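Below is one structure, written out as structure tokens, with a few remarks after it.
The values are calculated or read from the model by the stated rules, or taken from the named source; none is laboratory data. These numbers come from a predicted model, not from an experiment. Cβ: placed from backbone, ideal geometry, glycine included. Neighbour counts: every protein chain shown.
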Amino acid sequence: MKGRKNTEQDFWDNVQMLGNCWEWQGEIQRGGYGLFRWNGPKRTVHRIAWELTFGPIPDGLLVLHECDNRACCNPSHLVLGTHKKNRNDQTTRGRDHFTHTKLSLEEGLELRRKFFAGEAKCSQLARQYGLNPRTVWERIHEPSATMLRAEREREV
């Protein structure tokens with residue numbers, strides 16, 4: 001089916017609608033956002049979910065996750081906002097680059113400790129903490145600056 005365009009049904013078929021967050025089950029980019037080819041290029045799935053539910057995104061606005069779960073496509077968890085609002089949310093919620101799950105700092109440190117001590121694989125930790133294996137991999141291999149500082153302080 002060369003040249004076939006993805007449909008709205010194709011999009012929603014890739015969303016697991018269990019619980020509060022509707023998790024994207026397709027391609028996930030490095031930062032944890034879902035990707036889907038829509039009307040040509042690949043786009044982030046939370047923006048597609050917004051447009052399918054509410055219509056076009058006004059120029060200059062972003063689609064923000066109120067749930068802080070970058071793989072979430074639940075339209076009720078999405079809001080429009082500015083870059084400034086997004087940065088303010090990141091600051092007030094204690095998020096920095098690649099810190100996009102609701103794991104506490106202690107849980108993140110424990111994930112890394114167990115993995116690097118050889119006590120558990122990413123897939124086992126994902127099941128234990130109820131997370132996507134990709135999310136666990138990112139927390140282990142791309143830790144936040146806050147997590148790295150905490151590890152260094154514990155080594156002293």
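Taken over segment 27-40, the criterion of being surrounded by fewer than 16 Cβ atoms within 10 Å (Cβ to Cβ) and either under 20 Å from K5 (Cα atoms) or basic (K, R) (or both) is satisfied by E27, R30, R37, N39, G40.
Pairs are defined by a Cβ separation below 9 Å, a sequence spacing of at least 6 or placement on different chains, a first member in segment 53-77 that is assigned by TED's automatic domain parsing to the domain that holds W12 and in contact (Cβ under 8 Å) with a residue 60 or more places away in the chain, and a second member that is among the acidic types (D, E) and surrounded by 15 or more Cβ atoms within 10 Å (Cβ to Cβ); the pairs so defined are A71/E23. Residues in segment 67-104 that are modelled with pLDDT under 85, surrounded by fewer than 16 Cβ atoms within 10 Å (Cβ to Cβ) and among the hydroxyl-bearing types (S, T, Y): T91, T92, S104. Would you pick out the residues in segment 68-84 that are under 17 Å from the mean Cα position of the chain (by Cα), of a type outside the set (K, R) and part of a loop (DSSP other than H, G, I, E, B)? D68, N69, A71, C73, N74 - these are the residues of segment 68-84 that are under 17 Å from the mean Cα position of the chain (by Cα), of a type outside the set (K, R) and part of a loop (DSSP other than H, G, I, E, B). Looking for something over 30 Å from R149 (Cα atoms), of a type outside the set (D, E) and modelled with pLDDT of 90 or more - is there at least one such residue anywhere in segment 105-115? For segment 105-115, residues over 30 Å from R149 (Cα atoms), of a type outside the set (D, E) and modelled with pLDDT of 90 or more: absent.
Within segment 120-156, restricting attention to residues that are among the hydrophobic types (A, V, I, L, M, F, W, C) and surrounded by fewer than 13 Cβ atoms within 10 Å (Cβ to Cβ), the residue that is modelled with the lowest pLDDT is V156. Determine, yes or no, whether T53 is of a type in the set (S, T, Y) and under 19 Å from K85 (Cβ atoms). No.
The number of residues in segment 7-24 being surrounded by 15 or more Cβ atoms within 10 Å (Cβ to Cβ) and assigned to a loop (DSSP other than H, G, I, E, B) comes to 3. When R47, R43 are screened for being within 21 Å of T135 (Cα to Cα), free of Cβ contacts under 8 Å to residues at least 60 places away in the same chain, out of contact with any helix residue (DSSP H, G or I) (no Cβ under 8 Å at 6 or more places or on another chain) and not in a helix (DSSP H, G or I), only R43 passes.
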